[in-house]
Structures are given as C-alpha cells and as structure tokens.
1. Given the DSSP H assignment, sum -39500 (n - 2.57) over each helix run of at least 4 residues in the protein assembly as shown and divide by its residue total; what's the result at 222 nm in deg cm²/dmol, nearest 500?
2. Looking only at A:Lys89, A:Lys17, A:Lys50, which one moves most when chain A is put into a Gaussian network model with springs between Cα atoms under 10 Å?
3. On a 0 to 90° scale, report how tilted helix A:47-71 is relative to the longest principal axis of chain A, with both axes built from alpha carbons and the result rounded to the nearest 10.
4. For chains B and C related by rotation, which residue of B has the Cβ nearest the axis, and what is the rounded distance in Å?
5. May I ask you to derive the relative contact order of chain A, considering only C-alpha pairs under 8 Å and at least 6 residues apart, and to give it as an integer percent?
6. Which net charge results when you count Lys and Arg as +1 and Asp and Glu as -1 among the other residues whose beta-carbon is under 13 Å from that of A:Thr103?
7. Which distances, shortest first and in nm, link B:Glu52 to the matching position in the other copies, using label points set 7 Å out along Cα to C-beta?
8. Quick one: Cα centre-to-centre distance for region B:82-104 and region A:46-106, in angstrom?
Protein chains: 4
Amino acid sequence: MRRFAKDREWDQFHSPKNLSMALTVEAAELMEHFQWLTEAQSRTLGPKQKAEVAKELADIQIYLIRLSQVLDLDLIVASGRKLSDNAAKYPVEKARGSAKKYTEYR
Amino acid sequence: MRRFAKDREWDQFHSPKNLSMALTVEAAELMEHFQWLTEAQSRTLGPKQKAEVAKELADIQIYLIRLSQVLDLDLIVASGRKLSDNAAKYPVEKARGSAKKYTEYR
Amino acid sequence: MRRFAKDREWDQFHSPKNLSMALTVEAAELMEHFQWLTEAQSRTLGPKQKAEVAKELADIQIYLIRLSQVLDLDLIVASGRKLSDNAAKYPVEKARGSAKKYTEYR
Amino acid sequence: MRRFAKDREWDQFHSPKNLSMALTVEAAELMEHFQWLTEAQSRTLGPKQKAEVAKELADIQIYLIRLSQVLDLDLIVASGRKLSDNAAKYPVEKARGSAKKYTEYR
C-alpha cells in the first residue's frame, strides 16, 4: 500500500484528514446496503449482495491500514488494547443482554 | 470477539445492519478529531491526540472484524482482492498525481 | 448565522470541506441514538430521548443552512427541485411498497 | 412529503432508525465531493460540481424534514433553540478565532 500510493504520487492527498473522510464515505457505502433492510434481512444476504458487501469491508480495511501508516500507529496493538478496555468497561454481569452504553451503568 | 459477544448475550444486537451503523458512528468519531484541523495539522498530531485517534482506529477495526464474523466473510481475502482491483482500476500512468475517480478517466 | 460566524472569526474554519465533515459527524451522532434500538423502538422514543434527538436534528439543520450560505446555494429551491425529481424517478405504480432504488427498476 | 410516502406505501420503511441511516448516507455523499479537494478548492467549485452539491444538500434537507415528521418534532423551533444554546456555549470573547470545542474552554 505504501508503494501503491508512492507510485501514483498520492501521498500528497493522503493526509489523515482526507483519509478519515474517505474511510467514513466507505463506511456509509457499506451501510447503504442495509438501510432499507430489516435486521433479519441483513443477516441473510444473498451471494450477490454478500460479494458487494465484502468489497465495502475491504475498502474500509484498506483505508484503515493506510491511516495507520500515515499516522505511524500500530493498528494491531491499538485493537488489542481496546479489546481489553472494552472487557473492563463492559463486565459480563452488567452488560449481559443489555445494549446500554457503559456510561449509563449505575 | 465471538466469546466476548456471546458472554454478554449481544449476538441479538449484532445484526449486520446494526454493526454497519456502529462502524459508521466510529468512523465519524475518528473524523471529528480532524474536522477543524488543516490537512497539515492532521499530519502532525501531538502524542495525546494521537493516542485518542488510535482508540478510534481500534474501534473501527473491531467492528470491521465483528461484521466479517457475523457475515461469514474473509476480510483478508476480500482486502487482497480489492487491492488487486484497485491496481487495475488506477494504472500508474493515468493515476499519477491525480485524485480523480477512475470513472472520470478518458 | 452569518453574524454568529463573523463575530467569532470562524469564516476561516467554515470551508465547504470542513462543514461537510461537521455535518456528517452530526448525522452520525443522530444515528448513534438509534443504532442498538429496533425499528419499532425508534418509533416510540420517550420524551427525554426525543429531546436529545431534536438537538441533533437542529445541529444538522444549522450546518446545512451554513453550507448553503458559504456555497451561495438556495436550499429551498434545491429541495423543491429534488422533490420533483424524486416524484419522476419513483412513479407510484413502480415504487409502491418497494424499497428498491430507482436504478433497479426494469 | 407525507403524501409522497403514503402514496408509495413507504411509511413502513420510514422508521426513525432507517431515516437516520439514509440521512447519514446522503451526508457522506455530500462529503465525497470534497474529500480529495483542498479547503481552498472546496470554496471555489465550478458550476457543474456546484449543481451536484446542491442536489446532495437537498437530499439531506428532505430526509431531515421527513425525520421531523415521523418523530413529530418541530425542526424550526429546535433549530432556533440550538442557535441560542450555541451563542451561550460559545461566547465571542472565548470563541474568537478558535476552533476549540466549548468543553475545552477553561
């Protein structure tokens, strides 16, 4: 991906600001597939729609890695830490069966 | 992550529809860090803001993997394919130094 | 709103690019209220949550007007035209009871 | 807009949850026009791109009004209140020339 951008002289466009916009646009394109579906329908996509959705997930993954590159951040380390944080914020006994945000716990 | 969701009985909330919303919300939270910065400023974050941004990237990564799980899609395969597609859509000689979308090439 | 921005010397930050980011961030904040609700629950908000949602709608409206100002566009004219376009794109006999996009009509 | 939806039997799809997704998707489509432009370029769109942007603003306005309808909220009242709130949160002497969020004021 570094070489891909370098070969095309795209580093000038790949500021974190611009990449965060591009990533959000891709996230919205993913969401567009689901906006008029029921939750149940979104769980049972046909093969054609699933292939389209896979491409959107890939676009997001690619921009996410690219952002980590230009920000010089380790995405795997950051994700591991966040998973630990989430486990602490959402203890099983409080979170079970609840979609509340942890800030709403008493 | 599967166990994390199962232990909390969150599979009921984790429809692809809902997860695509959550992922987009996280992408917007990432973007919020950059919305009033210039592009140049977004390239030179201080350590505190960088740590905040790392958490947002992690949130996106976690939802992305979770979506792949519930959709039973291979994120690595899909990303590899998309990178190849992008290389074909954006040949170096046409893309060099240009931020145009491939659909605008002549 | 023009005076509000001018008094605070915010015109420098209010490029269309930045305002489009801020508007999208507000749209995501609106959506966050609904991400873990069922569609049925989203139709029956309590008074407290409804008041919160009203503030998010207002934020979006404010940025939308502000964007029209800095782009020198007439939002009311544009909306009227789009409603006419939509009526032509989605004729009653084809659109009735269907969430398909017009590009999927045969 | 009420009649438009009713004639097409679209009320079933127009839950606040779904409409908030559609609005966010439109916001992202607006933003897509600006993602690779500099801020300066975003201030000087040509007539063709400006016409495209006007359509995106209209889409957002339409969904915003539709959301207010299905939630039974008064968008004008809510926007007026929010403008007053903003004036109180961002006093001129603190906000002048600063893009800081009010929560960062001392």
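1. Numbers: 24 runs with 284 residues, N = 424.
It comes out at -20500 deg cm²/dmol, rounded to the nearest 500.
2. A:Lys89
3. The angle comes out at about 70 degrees.
4. B:Ala28, 2
5. Relative CO of chain A lands at 32 percent.
6. +3
7. Those label-point separations list as 2.1, 3.3, 3.7 nm.
8. Each part's Cα centre sits 29 Å from the other's.
The values are calculated or read from the model by the stated rules, or taken from the named source; none is laboratory data. This one's a predicted model, so the numbers in the text were calculated from it and none came from an experiment. Cβ: placed from backbone, ideal geometry, glycine included. Neighbour counts: every protein chain shown. Ligands, DNA and RNA are stripped out before the accessible areas are found, and what is left, the full protein with its side chains, is counted by its heavy atoms. Shrake-Rupley method; radii C 1.70, N 1.55, O 1.52, S 1.80 Å.
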